[in-house]
Structures are given as structure tokens and as C-alpha cells.
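The values are calculated or read from the model by the stated rules, or taken from the named source; none is laboratory data. Computed from a prediction, not measured in an experiment: that's the story for all the values here. Note that we place each Cβ from the backbone using ideal geometry, even for glycine, and neighbour counts take in every protein chain shown. Quick note on the areas: whole protein, heavy atoms, side chains included, nothing else; ligands and nucleic acids left out. Shrake-Rupley method; radii C 1.70, N 1.55, O 1.52, S 1.80 Å.
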Amino acid sequence: MNYLLESRSWNEVPERPLVLIPLGSTEQHGPHLPFSTDTFIAEQVAIAVAERLSSGNSGPVVVAPPLAYGASGEHQTFPGTVSIGQEALAVVLVEMIRSVSTWGRRIVLVNGHGGNVATVKQVVDQMRYERHEVMSSSCALETSNDAHAGHDETSVVLHLSPESVRVASIVAGNTQPLNKILPDLMAQGVRPVSPSGVLGDPTTADAAFGEEQFALMVARIVREVEHG
């Protein structure tokens, strides 16, 4: 079944559906992954979640077009990165939720980018205060070995879209624990910490591991939506 809102006409939208909105970014993901990585993963997760929810008692479900721009200032020194910042992201999300609430029963923000987390939480709190039925869920991996474009994220993309991975360009990045490099990362951005833009080691990425992690992500978000 096709759950994508963008492919329907207005009279094909079910009455008061649950609406999943994927949130991503347009930012560098090393020399081997595309700028759309966060957005792509969030949309694929949302589609899989919609399929699972539709087979239960959640009523009609649609997946809205993803928001492909987020807060990615830490990657701005890499050409191609497009960041709208926290303030603009908050305004966009608020207006999206207010608009979708006029025809949607409930809204779930499916966030695929860590830089959006603080703003998403702030917006959800504000929208709930305005009595909108909204929640958020994260595409964070169940077992995180690295922070950005490393083993985990590359494994998921190898599972979902292997043709998108520039295998010959895969290189290990900064493999120090995130808590050790976070102060420098926050102060200077990613590039001084990792010239390749990779935080972790994608050379060990594996599609089977990515498939397992993707399934775990989807199952967790389904549980959160059903019990949220």
C-alpha cells in the first residue's frame, strides 16, 4: 500500500489520519554517503512504521513529505551543507503542525538528525500546550558505535540503498568516543575534529547489521506511537 501523502489527491486523503512527518537534514556524510542520508533514513523508517501501524488498530496513516533541512551548523564548513538553524526550524515545525492538525488526527515527528533534537522537543512541548496531538520519535540506532557516517549509519544505508554508498571512498574518521570530542565539536564544528567529516569507522559497515538495526528502530517507534 502507498502511504505517501505526496502521491495522493486531496480526495484520497483518509479522514483524520495519523500523520508521520520525517525530519532530516542536508549535510555532509563523509566522502561515501549522500547529503540526503538523514532525510532518506527518516522517510524509510516512517514508511515502515506506517505499514506496521496500519496492520494494527491505529486507524488510517499517511506519511507527509519529509523536511529535508534542519539545524546542521556544525557541518557548515563542508561545501553542500544547507542548514536553516534552530530558530527557523522551530518556526517551520510549528506552522507545519498547526496546518496538519486541521485535517490530521495525530502527528508524529520522525526525526533522523541529531542536530534537530533540542528544537523538536521544544516545539512538541509548545504544540501540546496549544492542545495539538503531537509527539516525536528518533531514528537513533539501538546500539550506537559511532556518531556520524560511521559503521552504524553506513550499515543502514547499505541495507536500504546500497547503490547510494560510494564504497571505494569509505575511510575511517575520528574514532574517539563522542564525549571526548564533543567540546571541540561544539566549539569548532566537525571539520577540525574530522577532516573527512566521518565520526567513527565505516570500513566495517555491514548491510546485514543495518537491516537488523533498521528493524529495531521501526519496532521501537511503533511501540512509542502505540503507547504514546
(message) Between region 193-228 and region 42-66, what is the separation of their alpha carbon centroids in Å?
(response) 18
(message) Spelling out what I want: for every residue of region 20-33, take phi, set θ = phi - 60°, compute 6.51 cos²θ - 1.76 cosθ + 1.60 (Karplus), and round to whole Hz; glycine and proline get x.
(response) 9, 10, x, 10, x, 7, 10, 8, 4, 10, x, x, 10, 10
(request) Kindly report, to the nearest 10 Å², the accessible surface of PHE35 as traced by a 1.4 Å probe over protein heavy atoms only. (result) 80
(request) Calculate what fraction, in whole %, of the accessible area of the chain sits on carbon and sulfur atoms when a 1.4 Å probe is rolled over the protein chains. (result) 54
(request) Using only the Cα atoms of the chain, build the gyration tensor, take square roots of its eigenvalues as a ≥ b ≥ c, and label the shape rounded, prolate or oblate: rounded if a/c is under 1.5, else prolate if a/b is larger than b/c, else oblate. (result) prolate
(request) Give a residue-ordered list of calculated ³J(HN,Hα) values for region 206-212 (Karplus: 6.51 cos²θ - 1.76 cosθ + 1.60, θ = phi - 60°; whole Hz; x for Gly, Pro). (result) 9, 4, 5, 5, x, 4, 5
(request) Place the peptides 4-10, 51-57, 176-182 in order of packing, highest mean first, counting for every residue the other Cβ atoms within 10 Å and averaging per peptide. (result) 51-57, 176-182, 4-10
(message) Given axes a ≥ b ≥ c from the Cα gyration tensor, I'd like to know whether region 49-105 is rounded (a/c under 1.5), prolate (a/b larger than b/c) or oblate.
(response) oblate
(request) State in Å² the accessible area per residue of region 107-228; use a 1.4 Å probe, count heavy atoms of protein chains only, and round to the nearest integer. (result) 50
(request) Please calculate how many Å² of accessible area region 12-74 carries per residue, with a 1.4 Å probe and no DNA, RNA or ligand atoms counted. (result) 33
(request) Starting from the amide H of THR26, placed 1.01 Å from N in the peptide plane, find each other amide H under 5 Å away whose residue is 5 or more places distant or on another chain. (result) GLY70, VAL82
(request) Could you work out the relative contact order of the chain, using alpha carbon pairs under 8 angstrom and six or more residues apart, expressed as a whole percent? (result) 24
(request) Starting from the amide H of HIS148, placed 1.01 Å from N in the peptide plane, find each other amide H under 5 Å away whose residue is 5 or more places distant or on another chain. (result) LEU199
(request) From largest accessible area down, sort GLU163, GLU224, GLU211; use a 1.4 Å probe on the protein chains. (result) GLU163, GLU211, GLU224
